[in-house]
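Only one structure is covered here, and it is reproduced in the block below.
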Amino acid sequence: MPTLSVLTPVHDGGHAYLRELYESLRAQRLPAGWRLKWVVQEDGVTGRPAAVLPDEPWISTGTGRHGGAARARTLGLARVTGTLLRCVDADDLLPDTEALARDIEVLSAHPSYAWTVAPCLDLHPDGRLEPGPYDPDPGPLPARTLLDGAARGAMPVVGTTQTVHTELVRLLGGWPALPAFEDGALLLSCEAVSPGWMQSEPGTLYRKHPTQHTATEAFRDRSEARLRVQIAVQRAEALHTAGWRWRPAAGKG
């Protein structure tokens, strides 16, 4: 049975909304024959984030030495068994019960495409939903759409809206060791070697709250922000220059 794996990094103290994400994932309706596996990887070894979740066979929890979200994602990748992979942060939600099904359906209907992305809606504390400013048109994404946007400081989509063939993530080495934007960096590398699809419907509710990582002073440091995007862009440009292309193997859902 084909599997879609959802990978969630979480740290002790950052799991206040993890149970809500559990409910959001449990409500997902996948296409017939598909199943969902949720890999929750603590960035640390306390075991406290996993304690808020029920012991259910579709959930795999693990711990690892603290090193940030990129390291936690890559450690969690070892337990990913699905042919498709989606990352969802511990404080975010899926917008509706068909969010994951839409990605499966597109990648099944268009086997030459390696990944999908989708619009992201900011979820404010008052419940207000706000769309992103740079969403591309839905459908096949023209080459370099995301890379050129990132290079000019206007990344068109959020990296955690990506559903991607797990094999490609492994071939690219997982998430680079950046203090932030590691999800965007992986997405740019995927775009450099394989075609992707933009969904018309939202794929993520990005929760805005005072304790989120993107609200910290360190994240907002402009020199670091420029540097981490520069590193991601340089990596993607190198892949473009190399000319290597990847496409899913025939028969993989």
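Would you please list the contacts, defined by Cβ atoms under 7 Å and residues six or more apart or on different chains, that run from a residue in the range 198-225 that is exposed (fewer than 14 other Cβ atoms within 10 Å of the Cβ) to a residue that is modelled with pLDDT of 90 or more and assigned to a loop (DSSP other than H, G, I, E, B)?
What qualifies is Ser200/Pro138; Glu201/Ala118; His209/Asp91; His209/Pro125.
Looking only at the range 109-152, count how many residues are surrounded by 15 or more Cβ atoms within 10 Å (Cβ to Cβ), acidic (Asp, Glu) and not in a loop (DSSP other than H, G, I, E, B).
Adding up the residues that qualify gives 1.
Among the residues of the range 43-52, write down those that are out of contact with any strand residue (DSSP E or B) (no Cβ under 6 Å at 6 or more places or on another chain), on the phi < 0 side of the Ramachandran plot and not in a helix (DSSP H, G or I).
Val45, Thr46, Val52 - these are the residues of the range 43-52 that are out of contact with any strand residue (DSSP E or B) (no Cβ under 6 Å at 6 or more places or on another chain), on the phi < 0 side of the Ramachandran plot and not in a helix (DSSP H, G or I).
When the residues of the range 153-169 are filtered to those that are touching a Leu at 6+ places or on another chain (Cβ under 6 Å) and in a loop (DSSP other than H, G, I, E, B), which remaining residue is nearest to Leu187 (Cα to Cα)?
Applying the filter and picking the extreme gives Gln162.
Please work out if Arg73 is under 30 Å from Met1 (Cβ atoms) and of a type in the set (Lys, Arg).
For Arg73, the condition - under 30 Å from Met1 (Cβ atoms) and of a type in the set (Lys, Arg) - is met.
Check off (1) within 15 Å of Thr204 (Cβ to Cβ); (2) in a loop (DSSP other than H, G, I, E, B); (3) among the basic types (Lys, Arg) for Arg29 and give me the number that stays unchecked.
(1)
Just checking, which of Val106, Val39, Val52 is surrounded by 15 or more Cβ atoms within 10 Å (Cβ to Cβ), in contact with a helix residue (DSSP H, G or I) (Cβ under 6 Å, 6 or more places away or on another chain) and not aromatic (Phe, Trp, Tyr)?
Testing whether each residue is surrounded by 15 or more Cβ atoms within 10 Å (Cβ to Cβ), in contact with a helix residue (DSSP H, G or I) (Cβ under 6 Å, 6 or more places away or on another chain) and not aromatic (Phe, Trp, Tyr) leaves just Val39.
Under 6 Å between Cβ atoms, at least 6 apart or on separate chains: pull out the pairs that start in the range 15-38 with a residue that is at negative phi and at pLDDT 95 or above and end on any residue that is of a type in the set (Asp, Glu) and surrounded by 14 or more Cβ atoms within 10 Å (Cβ to Cβ).
Tyr17/Asp91
Out of (1) out of contact with any strand residue (DSSP E or B) (no Cβ under 7 Å at 6 or more places or on another chain); (2) under 21 Å from Ile104 (Cα atoms); (3) among the acidic types (Asp, Glu), the odd one out for Glu182 is which?
(2)
Could you grab me the full set of residues in the range 1-33 that are of a type in the set (A, V, I, L, M) and either exposed (fewer than 15 other Cβ atoms within 10 Å of the Cβ) or closer than 19 Å to Lys208 by Cβ (or both)?
Of everything in the range 1-33, those that are of a type in the set (A, V, I, L, M) and either exposed (fewer than 15 other Cβ atoms within 10 Å of the Cβ) or closer than 19 Å to Lys208 by Cβ (or both) turn out to be Met1, Val10, Ala16, Leu18, Leu21, Ala27, Ala32.
Within the range 39-58, can you find the residues that are aliphatic (A, V, I, L, M) and touching a residue at least 24 places away in the same chain (Cβ under 8 Å)?
Scanning the range 39-58 gives Val39, Val40, Val52, Leu53.
Among the residues in the range 79-99, are any among the basic types (Lys, Arg), under 22 Å from Arg170 (Cβ atoms) and not in a strand (DSSP E or B)?
Yes, that holds for at least one residue.
The values are calculated or read from the model by the stated rules, or taken from the named source; none is laboratory data. It should be emphasised that the depicted structure is a prediction, and the values quoted were computed from it without experimental measurement. Please note: Cβ atoms are built from the backbone with ideal geometry, for glycine as well, and neighbour counts cover all protein chains shown.
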